[in-house]
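So the structure is just underneath, and the comments pick up after that.
The values are calculated or read from the model by the stated rules, or taken from the named source; none is laboratory data. Every value quoted in this text rests on a predicted model; they were computed, and no experiment measured them. Cβ placement follows ideal geometry from the backbone for every residue including glycine, while neighbour counts extend to all protein chains displayed.
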């Protein structure tokens, strides 16, 4: 009896302690939850913070055709709504990360107990809501066990509050929008675009599975570094989807055999399309933000406030422009490299050793290395020495960046070899800038050849002289002037000496109609015209047409002795195509805040520069350049040169094109301005330094360097019927009093060799 009583008392004791442990443990857990909810273990987010959790939203640059050109971001994140997510992505997320997501209220106690029992070997049992709480408010887990446990309780409390505040769909969207998928892909939209080149709604099942697989640890499951591991992880997600009946076993087995199917589209500022344009727009937006505060007086943050910046660039035209430049410039560079093998001072001409050394020193002083070491207090001797020490670096090539070892000084000279280029397209009737290519590669050549750079424009300035004469004197394209040397005395315009320009061909005699003179860029005729109308008249017209740079009122401007930007030139040429009406170039349509509220709409300014009749006559003159002058290679395969890559293609355009080539002294700059009724485009090609150029006129003229880019670009534009680039005649004024149809005195099928366009003499 005594033994039975002892056993009974012992059993009662066990029962007692069992309930003490159960109730005490439960009470302890409840107490810890209460303490956590009261903020004892650290401040919890307020109701307002839960309602509007902190978000760093990238401002987005959106093209005229609705495509994202790029972003300005602290985090490269643009949120999407739940309705923008494909169901297969949501299914993959739930199947892999939280099978009972739709059943719990923020905490999955079953999964939590399993994690406790297995000491976290199968994961921590966190729900999607808990993971969101961690991303939004608690951050990375502490390495200290006690602190981590307390942090976990905070996540539990926040998760429950999030569940009360948001729907399940909103929680899914918030989680996927917040997660950092690495490689500048913050949020599901950036991840979809960067890894697969598409919007989230277009993701396929295996693509969704790969992205969900990355949620376990994006750094470890990085598609750019560990494709095999990422594929294995993706297949685990597919298995989970099959297990939860979101896909069949047969589909799962089939999809697990497929490759990842990556289509990498990096979204760094040096990547993507319109990089030079986006950098110019960034500076514009900084000024706009300063002048347009929020209603509460604070300022928008370009990198955090999720502004939507709608621009006039057409993403298709931008891609065609960049592609045309890349195609031609890669070939042109190959020709230039071959020529430089015979140049002892490569890549320079026209300089002696002392001048070359000075040029290199100036380049070193402009470099980031020089400025960085200068700030560190290094002396010039030490800085110069660093430029002669070999280091590992990645340098640009037209076949892709290549790793090499060379001195910084040698790398500067290496980059001097590369010819640069710029292209700008404007729709004359609206002023919309449709394509902006500021250089050959933004990562390595950041100086913008569209807006920042000003170079000598050569014969592309001559149409302003002709336009002034037509507008003031009502001259016809058929009006003839003698092709003889013409001298303007120095006293007339306050010049240091008499001015007698020569034709580049050094050929004279007879008379030339204005249309033929412009087509073949005859210098003596242009000199006579500017004297007839006065240089100041030409300056006034050029300024009125959109050129803002200083232009001296001297006769030499007739041959393009002024330095102007490509932006100014295309803007001014657009006036001719728009019946003499100048429309201020437009790059912005509107700016919205993150909620879609329009902050500003942009409206162009316009003014009349020329009469409609005068503008049409100028267009007819410019058509002659592509019919019988230096732009004739747009019409047919033509050329006698050994390397056709650099001098011409069988373009065979048959539609009306008003154009003008331009080449400056020593072939330092090559230009082509080409206009069709609804699009004006200018192209420039040249070296960083004027001493870097082709040795001869055959490859170094504007018709060889710049015109082919225009031609390749317009071939693509015309092939894309959705763009509606006109191939029609320019509209003729109802009342045309000036005769424009006259007999051509030059052979329409063969341009004059070495026409005055190619080497103006000032």
Hits in segment 551-565 (condition: touching a residue at least 40 places away in the same chain (Cβ under 8 Å) and outside any helix (DSSP H, G or I)) | 553, 554, 560, 561, 562, 563, 564, 565
The correct count of residues that are on the phi < 0 side of the Ramachandran plot and under 26 Å from the mean Cα position of the chain (by Cα) in segment 705-742 is 21
Evaluate segment 214-224: report whether one residue or more is surrounded by 22 or more Cβ atoms within 10 Å (Cβ to Cβ) and out of contact with any helix residue (DSSP H, G or I) (no Cβ under 6 Å at 6 or more places or on another chain).
-> yes
Search result, residues across segment 670-714 that are in a helix (DSSP H, G or I), in contact with a strand residue (DSSP E or B) (Cβ under 8 Å, 6 or more places away or on another chain) and either modelled with pLDDT of 95 or more or buried (at least 24 other Cβ atoms within 10 Å of the Cβ) (or both) = 700, 702, 703, 704, 705, 707, 709, 710, 713, 714
Of 449, 467, which residue is at pLDDT 95 or above, buried (at least 24 other Cβ atoms within 10 Å of the Cβ), closer than 26 Å to residue 624 by Cβ and in contact with a helix residue (DSSP H, G or I) (Cβ under 7 Å, 6 or more places away or on another chain)?
-> 467
Sole miss for residue 248 among (1) under 27 Å from residue 202 (Cβ atoms); (2) out of contact with any strand residue (DSSP E or B) (no Cβ under 8 Å at 6 or more places or on another chain); (3) surrounded by 15 or more Cβ atoms within 10 Å (Cβ to Cβ) is condition (3)
Which residues, taken from segment 399-440, are at pLDDT below 95 and either assigned to a loop (DSSP other than H, G, I, E, B) or under 24 Å from residue 706 (Cβ atoms) (or both)?
-> 399, 400, 401
Checking residue 314 against (1) in the same structural domain as residue 724 (by TED's automatic domain parsing); (2) within 30 Å of residue 414 (Cβ to Cβ), the condition it does not meet | (2)
Which of the residues that make up segment 398-409 are free of Cβ contacts under 8 Å to residues at least 12 places away in the same chain and touching a helix residue (DSSP H, G or I) at 6+ places or on another chain (Cβ under 9 Å)?
-> 399
For segment 443-547, which helices (runs of 4 or more DSSP H) that fit wholly inside it have 2 or more residues that are over 30 Å from residue 394 (Cβ atoms), without any contact (Cβ under 8 Å) to a residue 24 or more places away in the chain and in the same structural domain as residue 742 (by TED's automatic domain parsing)?
-> 490-493, 535-545
